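The values are calculated or read from the model by the stated rules, or taken from the named source; none is laboratory data. Since the structure is predicted, the reported quantities are computational estimates derived from the model, not experimental observations. Note: ideal-geometry Cβ built from the backbone for every residue, glycine included; neighbour counts use all protein chains shown. Ligands, DNA and RNA are excluded from the accessible area calculation, which covers all protein heavy atoms including side chains. Shrake-Rupley method; radii C 1.70, N 1.55, O 1.52, S 1.80 Å.
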Amino acid sequence: MGVTRGSFSDESLWDNVAADSLTRLDPASLLEGLTLPQSEAVTQRGGPLLVIAGAGSGKTRVLTRRIAHLLATGDARPFEIMAITFTNKAADEMRRRVVDLVGGEADRMWVSTFHSACLRMLRAHAEVLGYERGFTIYDAGDAETAVERIMKELNLDTKRLPPRSVSAAISAAKNEMLSPDAYFDTYGDDPQRRRISEIYQLYAKRLRVANAMDFDDLLVNAVLMMKTDQHVLRSYQERFKYLLVDEFQDTNGVQNELVMMLAAEHRNLCVVGDSDQSIYRFRAADVRNILQFELRFPDARVILLEQNFRSTQTILDAANAVIARNASRHAKNLFTDGDEGEKILLYRAGDEYDEGRWVASELRRLRSEHGLGWNDLAVFYRTNAQSRVLEEEMLRANVPYRVVSGMRFYDRKEIKNALAYARLLVNPRDEASARRVINEPKRGVGEAAQAKLGAYAAEHGLSFAEAAHYGAAAGLSGRALAGTAKFSFMLDELRALSNDLSPRELIDAIVRESGMGDALRAEDTDEAYSRLENLGELASAAAQYDTLLDFVERMALVADSDQLGSGEGAISLMTLHVAKGLEFPGVVVTGLEETVFPHRRALSDDAELEEERRLFYVGVTRAMRYLILTHAWSRTMWGQRLEAIASRFLQEIPSELVTDLSSTLPTRRSSFSLEDDGFVGRSTDFTQGRAFGTGAAPPVRSTGAEKLGLVVGERVVHDRFGPGVVVRVEGEGSHARAAVNFDEHGTKHLVLAMTPLHRA
């Protein structure tokens, strides 16, 4: 169908807004206070522009000044500009800044997220794809519910193939622009993928019948709409004379395709980003989009923003040295006109408890000696599970904290569920706990069935859990009856085991026998594996107690403790992914050990390892003045204490930038004491195997692999990757590494001390 100017909702903008109606500043004034590269990025006209904006280099300022400069010079009118970013908050802030610079007319620009822009276009032209303009938008929950309903109609086992996992697979397919048929053609040889393809086919049909789109469809259908109707495509191409995209390193394949289509007419495309800060691969972000921009546009101008306005030179030198190890990047070197700053502090803890105690005391020292408020301080970690010990030690040390963009450890669903099972073993009459987990994971015991059990329990003077033994008498049948019987049998089995198992072993048994572990593994998503790690951390917590009763009581006190707080705020605890875009005068990065950070899943994949290094770079560059790094020589995982190897990232920082506290700490020290703050130092005994404190590495338990004396060309066998050939060997002792080209899995880089590797 054809599209005219009149089909746009803001039609009057096409002819009725004169260029001189804008409230403009002198364009030269918009360049005041900018560096030369920033000014060049603002004033560049004509053709594609790639702005490589290093951490803390003022990219938002450049973007908003560039938009304002386009308007102030008359090079573009508001409706001829589209600016895209990734969050509504960022879009609102960008729009507000431009309006502050050039006046209210600038509010008519398209400044939005990818999804909002696509929704706006689809609302205007949905009929191109056969949709009505009033189509419904399914959120993630709606999509998963629709998938689950289809799976039940197909009589599929939702435990073996969880709806959340299927929904994630469908989302990933859409991000790759794969239709149901294309998905089948690509993955049809795999029986499970073939089943997902069938579900995907039905899901797509259901959405169409319901006149609905999910979030992924907003992007995919916007691209499809413009490919289907060239008039629609040309209308938007002609309209948007200038296109600006923020955080371009975070775009996925569909978003990149959309940008390229819209910019094809005028080619005035400005993308701003930093390949060194691409950390969302698990969300389908593709760093190749920014790395290959110059291949798409050989005439593109590239401007580097390397001057940093946030951190000291010492911090920047450390960040530069580490990220230089990555091959897939735009080379740059961050610098500052500011202070050189203090050296980076490195603390080598005996274990995670020693680490947590020392971090709490160090935060107090920063506050006392440097006059920082609690709000000025942040602690970063790689995975959510690591927050458990840190939270406990902050509470013990009376340090106010908040967990940013996430729940406190003991507030997480999987933790609450596991603890509810544990409470039921200690107190079989705990109705709240029984009701919480009788259908977790799903057993078909819904609200109606639970109501019948509750009524039966009240009538016969039984606890809720006891009533579950009499499901048939309570009026249950079918799946609800079977699920209740399974629940009762499982509780009886766990109680029988409770006399012989330690608290840690009981947590393991709960996760295993309840089906929680299997359900999460079946999801096969990053989120599910993170939740499994949280359950492993709970088992580690249980290992510190002699009885399950002691553990449950202590967890109740910790879980119910209010987060401390005062007029001065609280320190921020967060994962490194959440930290992106933030800054703090003082930052602590914890858990710098191989298999923790970098994460174990990245150790055998070059692309994943580079992403881990980028994540470390992001964490380091959040620090403004004080940067502290910590690692532990041993850490408890799933209740088992494992010796650790210091992260390779620590070795990549030049030693002259670091003060290694291991050379100055005595073998026995007291925690930092500030009695006037209500915190009394406790003497820490490092002879009990719980903490070492000196920074000296304890002996590493050998797997035997690092003692093989491997040579290049030798055949080896890995427990997971199978047979392969050694192509490179480097390092020695616990830091020995080898590159192995496996017959079926390609080249992997392995830390030998932690690798199940054998001679062929």
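For the residues 282, 742, a 1.4 Å probe over the protein chains yields an accessible-area ranking, largest first, of 282, 742. Give me the net charge of residue 585's neighbourhood, meaning all other residues with Cβ under 11 Å from the Cβ of residue 585; Lys, Arg count +1, Asp, Glu -1. Neighbourhood net charge equals +2. Taking all Cα-Cα distances within region 37-166, those exceeding 24 Å account for 50%.
Residue ranking by accessible heavy-atom surface, 1.4 Å probe, largest first, among 186, 113, 547 comes out as 186, 547, 113. Which shape class applies to region 174-221: rounded if a/c is under 1.5, otherwise prolate when a/b exceeds b/c and oblate if not, where a ≥ b ≥ c are the square roots of the Cα gyration tensor eigenvalues? Since a/c reaches 1.5 but b/c is at least a/b, the shape of region 174-221 is classed as oblate. Other residues whose C-beta falls under 11 angstrom from the C-beta of residue 174 contribute a net charge of -4, scoring Lys and Arg +1 and Asp and Glu -1.
Please quote Rg/Rh for region 348-445 to two decimal places, taking the Kirkwood radius as Rh and restricting both calculations to Cα atoms.
1.12
Of all lysines in the structure, the ones whose alpha carbon falls short of 30 Å from that of residue 152, not counting any fewer than 8 places away in one chain, are 174, 205, 413, 416, 442, 452, 486. Placing +1 on the Cβ of every Lys and Arg and -1 on the Cβ of every Asp and Glu, with nothing else charged, gives region 421-485 a dipole about its Cα centre of roughly 200 debye. Of the trypsin sites (Lys or Arg not before Pro) in region 244-307, the ones in a loop by DSSP (not H, G, I, E or B) with at most 16 other beta carbons within 10 Å are 267. Per residue, the accessible area of the chain comes to 42 Å², computed with a 1.4 Å probe over protein heavy atoms only.
Mean sequence separation of contacting Cα pairs (under 8 Å, at least six apart), scaled by the length of region 283-424, corresponds to a relative contact order of 17 percent. Count Lys and Arg as plus one, Asp and Glu as minus one, and take only other residues whose Cβ is under 10 Å from that of residue 60; the net charge is then +2. The alpha carbon centroids of region 105-120 and region 209-277 are separated by 12 Å.
Figure note: 181, 492, 351, 337 ranked by solvent-accessible area, largest first, 1.4 Å probe, ligands and nucleic acids not counted: 337, 181, 492, 351.
Given +1 at the Cβ of Lys and Arg, -1 at the Cβ of Asp and Glu and no other charges, the dipole of the chain around its Cα centre is 720 debye to the nearest 20. Based on Cα contacts under 8 Å between residues 6+ apart, region 50-188 shows a relative contact order of 15 percent. For the chain, averaging the sequence separation of C-alpha pairs within contact (under 8 Å, six or more residues apart) and dividing by the residue count gives a relative contact order of 14 percent.
Within the full protein context, the accessible area of residue 203 is estimated at about 10 Å² for a probe radius of 1.4 Å. The loop-placed trypsin sites (Lys or Arg not before Pro) in region 64-153, going by DSSP, that have at most 14 neighbouring Cβ atoms within 10 Å of their Cβ come out as 133. Using a probe of 1.4 Å on the protein chains alone, the accessible area found for residue 342 is around 90 Å². Rounded to the nearest 500, the 222 nm mean residue ellipticity of the chain from helices alone is -13000 deg cm²/dmol, with -39,500 (n - 2.57) taken per DSSP H run of at least 4 residues.
Place +1 on the Cβ of every Lys and Arg and -1 on the Cβ of every Asp and Glu in the chain, take the dipole about the Cα centre, and give the residue among 494, 252, 467 whose Cα lies farthest towards its positive end. Positive-end residue among those listed: 467. Overall, the accessible surface of the chain at a probe of 1.4 angstrom is composed of carbon and sulfur to the extent of 48 percent. Residue 115 sits with roughly 60 Å² accessible to a 1.4 Å probe, with DNA, RNA and ligands left out of the calculation.
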